[in-house]
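Values in this text are rule-based calculations from the coordinates and carry no lab data. Remember, it's a predicted structure, so these values are computed and weren't measured experimentally. In this analysis, Cβ positions are derived from the backbone assuming ideal geometry, glycine residues included, and neighbour counts consider all displayed protein chains.
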Amino acid sequence: MQGFGREVILGVGGGIAAYKSCDLLRRLRDHGYAVTVVPTPSSLNFVGAATWEALSGRKVTSEVWESVEEVRHVSLAKKSSFIIIAPATADLIARIAAGRADDLLTNVVLASDSPMLIVPAMHPEMWKDPATMANVQTLRSRGYHVMDPDTGALTSGDVGQGRFPETARILEEFASITGSHADLLGKKVLVTAGGTREAIDPVRFIGNQSSGKQGYAVARAALQRGAEVTLIAANTHLPDIDGVRIIKVESATQMLSALETEFAKSDLLVMSAAVADARPSQIANSKIKKSDYTNISLVVNPDLLRTIAATKKSQIIVGFAAETSEDLDMAREKMEAKGADILYLNDISGGDIFNSETTHGFILAKGKEPSKVSQTTKDTLAHQLLDEALLQLG
């Protein structure tokens with residue numbers, strides 16, 4: 001999000017609803033946030049540190065006396081962009097209101113000046129108790145964002161207000177506070193995805209392994225951030241994205257035609273499709289018999305990225321380079337030669353990029369040192385690329 005980092009601390013209080021924060025963590029990561037979980041010691045009775053580490057990909061500690069050489073309560077507080085505490089028990093709310101610092105989470109809260117969202121979950125009688133109400137009012141008066149819990153059935157069998165809110169509601173509140181949903185509002189984003197197919201005859205074609213997952217991730221991310229999104233999809237089997245206009249194509253020439261129509265109306269182009277470098281010089285009208293299938297004469301396809309970049313005015317263009325090495329000099333030369341403003345270089349030699357849920361590589365941008373992307377989800381990369389594009393859009 002523009003002007004806002006993607007480092008989030010997820011504090012977890014010692015209530016039965018702690019398990020529901022596992023889903024919240026997953027959804028935050030799907031939205032491209034890097035999340036460090038800081039559980040209270042009592043919350044580990046419900047969800048263990050190993051689970052949080054597996055879901056976040058980061059080390060988890062709950063006491064100030066762990067990893068003391070890192071001074072974690074200070075380092076975490078300085079690094080974080082936002083703190084979500086979910087669930088927040090009556091005890092945890094009381095301790096934060098009183099300014100206590102008796103575990104890692106409450107130390108981080110005191111040391112941080114990041115915005116905070118507190119998500120209470122407790123028995124209805126505890127929520128309505130005057131002490132809890134007073135503590136909540138105190139926190140709100142200090143600028144904390146405290147959600148009201150949902151009303152419904154609770155673990156005790158009682159029904160009332162105190163239920164942990166649904167993940168979607170928490171994310172909506174988070175987006176409302178941070179403005180993360182609006183940083184592309186008013187922008188038109190054009191994305192290409194999938195792999196082109198170049199027909200040999202009515203049965204055979206030249207193609208590649210691209211699934212389109214990265215392009216679809218970029219389209220989803222841009223939509224979440226308020227953009228008007230058009231997706232040019234080549235031969236994917238992924239479900240359509242509600243709210244995204246999709247143009248389906250097969251070949252490189254068809255994709256170029258769609259780009260020539262749509263690019264002038266766009267603010268940002270993300271060229272994540274894998275485009276065939278060549279196509280058969282002639283397409284047979286009927287299936288070529290096996291005995292006649294001896295050679296294929298090829299002609300070079302137009303370079304779509306270079307062709308479109310030559311027509312740009314104020315647009316920002318993000319290109320992709322799938323290589324079997326991490327040659328950064330070659331990648332920068334390619335970025336400049338093709339006219340891209342940003343280039344994502346991914347090393348496909350390990351075979352874990354195409355049709356995979358994860359990716360790794362380097363983000364190159366004009367005037368900046370390459371930024372290494374350790375193995376992460378394609379959703380996360382999508383947001384990282386949009387963050388960089390937003391900086392260049394100004």
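Any chance you could run the full-extension gain for residue 297 through residue 59? It's 0.36 nm times the residue separation minus the Cα-Cα distance, nm to one decimal.
Full extension of this stretch gives 80.2 nm more.
Could you order the peptides 139-149, 222-232 from most to least packed, using the average number of other C-beta atoms within 10 Å per residue?
222-232, 139-149
Top mean-square fluctuation among 273, 98, 365, Gaussian network model of the chain, C-alpha springs under 10 Å?
98
What's the exposure ranking of 283, 363, going from fewest to most Cβ atoms within 10 Å?
283, 363
Using alpha carbon coordinates only, what is the Rg to Rh ratio of region 249-354, with Rh defined as the Kirkwood radius?
1.05
Mind sorting 125, 69 by how few other Cβ atoms lie within 10 Å of their own Cβ, fewest first?
69, 125
Using only Cα atoms, tell me the angle between helix 167-178 and the longest principal axis of the chain; keep it within 0 to 90° and round to the nearest 10.
In the chain, helix 167-178 runs at an angle near 90 degrees to the longest axis.
How large is the Kirkwood hydrodynamic radius of region 188-393, counting all unique pairs of alpha carbons, in Å?
Taking the inverse mean of 1/r over all distinct Cα pairs, region 188-393 comes out at 17.5 Å.
Suppose only helical runs count, i.e. DSSP H with n ≥ 4. What mean residue ellipticity at 222 nm does that imply for the chain under -39500 (n - 2.57) per run, divided by all residues and rounded to the nearest 500 deg cm²/dmol?
Calculated mean residue ellipticity at 222 nm is -9500 deg cm²/dmol.
Could you state the angle between the C-alpha long axis of helix 378-393 and the longest principal axis of the C-alpha atoms of the chain, as a value from 0 to 90 degrees rounded to the nearest 10?
For helix 378-393, the angle is close to 80 degrees.
Any idea which of 391, 215, 15 is furthest toward the positive side of the dipole for the chain, if Lys and Arg beta-carbons carry +1 and Asp and Glu beta-carbons -1?
Among 391, 215, 15, the one farthest towards the positive end of the dipole of the chain is 215.
To the nearest 10 degrees, how steep is helix 328-338 against the longest Cα principal axis of the chain, on a 0 to 90 scale?
60 degrees
Report the one residue of 234, 264, 34 whose Cα lies farthest in the direction of the positive end of the charge dipole of the chain (charges on C-beta: Lys and Arg +1, Asp and Glu -1; origin at the Cα centre).
Sorting the options by dipole projection puts first 264.
Between region 6-65 and region 207-231, what is the C-alpha centre distance in whole Å?
The two parts, judged by their Cα centres, are 28 Å apart.
Let me spell out the model: positive unit charges on the Cβ of Lys and Arg, negative unit charges on the Cβ of Asp and Glu, origin at the Cα centre of the chain. What dipole size does that give, in debye rounded to 20?
780 debye
Convex hull volume of the Cα atoms in region 7-178, per residue, in Å³?
Dividing the Cα hull volume of region 7-178 by its residues yields 101 Å³.
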